[in-house]
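Contents: one structure, followed by commentary.
The values are calculated or read from the model by the stated rules, or taken from the named source; none is laboratory data. Remember, it's a predicted structure, so these values are computed and weren't measured experimentally. Backbone-built Cβ (ideal geometry, glycine too); neighbour counts: all protein chains shown. Calculation scope for accessible area: heavy atoms of the full protein, side chains included, ligands and nucleic acids excluded. Shrake-Rupley method; radii C 1.70, N 1.55, O 1.52, S 1.80 Å.
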Amino acid sequence: MKRYDSSYAKDRATRRPLKIFSSDPMAGSTSSNWVTISVPNEPLQPGPSGERLRVVDYDAGSKTYYSAVNLDDPSILMRGGLDPTESDPRFHQQMVYAVAAKVIENFERALGRRLSLSRRGRPLRLLPHAFRGANACYDDDLHAVLFGYFEASREDAGPNMPGQIVFTCLSHDIIAHEVTHAIVHRLRPFFQEATNPDVLAFHEGFSDIIALFQHFSYPDLLKHAIQNQRTNLRENTLLVGLAQQFGYARGSGRALRSAIDGTKSSTGEDDPDATNGKTASLYDTAVEAHERGGVVVAAIFDAFFATYQRRIADLIRIATSGTGNLPDADLHPDLVSRVASEAAAASQSILNMCIRAFDYLPPVDVTFGDYLRALVTADRDLTPDDGFGQRAAVIDAFRRRGVIPAGIRSLAEESVLLQEVEITARLPEQVLQTLSVAAQFVGRPVNIDTTDFESRSDQYQLSPERMEESEEAMTDVAKAVHEFAKTNRGQLGLHPDHKIQVAGFHPVLRVAPDGQPLIEIVIQLVQTDRLYVGELGGLPLRGGVTLVVRANGRIRYCIAKPLPEQGQDEKSPGNRRLKATRDHMAALDLRDPRMVSADDAYLGQRMTARSKLQAVHLGWA
Ligand SMILES: [Zn+2]
């Protein structure tokens, strides 16, 4: 067929360019702050309103709907989206959509599968002007991300104008952070239950990691930082700071949070063993979720920085004739561009590792130690060759912050990796067959026109509502998985009496030692014990297991969180978990001013109230 006979020129473009602030309006209209990103090009209604994201611009403060931007309007398409501005709500709508779409795409690339974010057929909603207030949150009940707006401090607004209106929906980091909460909630719905001090902290830290590493995908911002900081990216506040404008507008004189903590990096000149020093590490002392989450953020950033330095070492040697001393004058633009591409590659690699780890996390009661093991295992499964020492760097960064997984003998990579199990039970053929059908879709580029794909992928990740439904409503495959779990509950570390919920199952791709791709299936099973609900402030005690299964039905990993059983001694894993939850509740009680005058109604649901992410986010202010 002749080129001009084919339809290629008329086919829908696969990508849509859109402009955003790479940081927020406070960073000005520099080329590194006004950036054009590209997101998958789905058909959009005014809103923008697409298949999985719907921007609803109702301003609850002034009780008005703002007119919705039509990103498919030819005049907007021709200029690659509206220019960044604080004064036009339609740009605000564009910005929340664009950043949210980018976050979703990052997850899908790393996980190698399509995520379904709709709830009862409704997409995730983004409300850029939801309320007046210095806050933003993901609201699970509304299935929406709500962004507030507020007046900057009149006394100390930093580079902001005193008293100016600050929109959280124009902060790249706040958008990315909140959308990540929504995705994490979808992948692990029980991670909103604060059964130990790490659970909510993980939610917060992980959301910051996604926001942070998205900075490194903006080439102009990266090159600017490399030139200005002589390749030392730790010193660039735009790159390593989170929510700059928000922090300054609240009068704190700095970004809201940062990827850098007090712990010295392994490449720093000071005492590398900070946790052996006299001061207790943040991980020992921090209870507040954002602060404690900062431990994971700083550890991951440290690991990134160590691998980045290894990647650019040869470039620096070439550029400095082997001395390693960069000149005081500007760096050569060629060097800046090569260093930037290494930084982008290092950040993408660590981001993939962070997201891929989700498939190796238990379904409930996560700890930072669980996350470390999942990180190392996920990375080893996907990239067996670790040329830049990324896994060792991650283990080292967690160790220096006092995060050591329970029950391992050493911090050598082999010990930190999840151990393969010897279980005779095999996953039934029916499930494996579905797996082989589903596997055709694993790792494929996301194609928004493949509606068939959406309907298929939807059945593999069961929403919380679907799980609550009766067994009859489950798909045949879910029923087969359920039957398998019931029959083999003893081997799988499940409680003998409690009901088993199939919380989700999906195929994943990994790399065999010979470099060949391998398909595996990940299954989440959850059990609930309501015996302790009253004592635990409304929190049901849940146990469960994540299974990683080979294509031949053999179970490879069994990542279990057992429930306590009658007659077990207090050292049993189930009883130890129960004790950890009790201890955590006691620690929160001590910090809760409402406990002085608490009535039975409050006491009976105080842990569920504290678990709400909205409540967590009031801590921002
Ligand atoms: Zn948060």
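Please give the FRET efficiency for Ala9 paired with Thr36, using the beta carbon to beta carbon distance and R0 = 30 Å, rounded to the nearest 0.05.
Calculated transfer efficiency: 0.85.
The stretch 7-154: Rg/Rh from Cα coordinates, Kirkwood Rh?
0.97
Could you check how much of the accessible area of the chain is carbon and sulfur, as a whole percent, using a 1.4 Å probe?
51 percent
Before anything else, pin down the relative contact order of the chain: Cα pairs under 8 Å, at least 6 apart, normalised by residue count, whole percent.
Relative contact order for the chain comes out at 12 percent.
So with the 1.4 Å probe, I'd like the accessible area per residue for the chain, rounded to whole Å².
Per-residue accessible area for the chain comes out at 42 Å².
If I model a spin label as a point 7 Å beyond the Cα along the Cα-Cβ vector, how far apart are those points for Thr320 and Thr487 in nm?
6.4 nm
Show that you can apply the helix-only estimate: for the chain, add -39,500 (n - 2.57) for every DSSP H stretch of four or more residues, divide by all residues, and state [θ] at 222 nm to the nearest 500.
Helix-only estimate at 222 nm: -12500 deg cm²/dmol.
Roughly how many nanometres apart are two label points built 7 Å out from the Cα toward the Cβ at Arg582 and Ala329?
Result for the modelled spin labels: 7.1 nm.
Once you have the Cα-Cα distance between Gln605 and Asn232, take 0.36 nm times their residue separation minus that, and quote the gain in nm to one decimal.
Roughly 129.5 nm would be gained on extension.
Between Asp592 and Arg122, what FRET efficiency follows from the Cβ-Cβ distance if R0 is 25 Å, with the result rounded to 0.05?
E between Asp592 and Arg122, to the nearest 0.05, is 0.10.
For the chain, what is the percent of antiparallel DSSP beta bridges, rounded to the nearest 5?
About 85 percent, rounded to the nearest 5.
Limiting things to C-alpha atoms, what are the Rg and the maximum Cα-Cα separation (Dmax) for the stretch 341-441, in angstroms?
15.8, 47
Show which aspartates and glutamates lie in cross-link reach of Lys479 when reach means a straight Cα distance below 20 angstrom and same-chain residues fewer than eight apart are skipped.
Correct list for Lys479: Glu429, Asp458, Glu465, Glu468, Glu469, Glu471, Asp497, Glu520.
Given the pairs Lys486/Lys612; Lys10/Lys223; Lys499/Lys571, which span a C-alpha to C-alpha distance of over 27 angstrom in this model?
Lys486/Lys612; Lys10/Lys223
So if we plug the beta-carbon distance of Asp156 and Gln516 into 1/(1 + (r/R0)^6) with R0 = 51 Å, what FRET efficiency do we get, rounded to 0.05?
0.30
Measure off 7 Å from each Cα along the Cα-to-Cβ vector at Arg530 and Arg254, then give the distance between these two points in nanometres to one decimal.
Label-label distance for Arg530 and Arg254, simple model: 4.7 nm.
Grab the alpha carbons of the stretch 86-221, take their convex hull, and tell me the volume per residue in Å³.
Cα convex hull per residue, to the nearest whole number: 140 Å³.
Compute the distribution of all C-alpha to C-alpha distances in the chain, in bins of 20 Å from 0, and list the percent of pairs in each, rounded to whole numbers.
Final binned percentages: 18, 54, 26, 1, 0.
For the stretch 28-136, what is the percent of antiparallel DSSP beta bridges, rounded to the nearest 5?
DSSP beta bridges in the stretch 28-136 are roughly 65 percent antiparallel.
If you average the C-alpha positions of the stretch 377-394 and of the stretch 555-592 separately, how far apart do those two centres end up, in angstrom?
31 Å
What are the trypsin sites (Lys or Arg not before Pro) within the stretch 506-615 that DSSP puts in a loop, where the Cβ has at most 10 other Cβ atoms within 10 Å?
Lys571
Quick one: go through the stretch 220-258 and flag any residue whose amide nitrogen is under 19 Å from the point 7 Å out along the Cα-to-Cβ line of Glu288.
241-258
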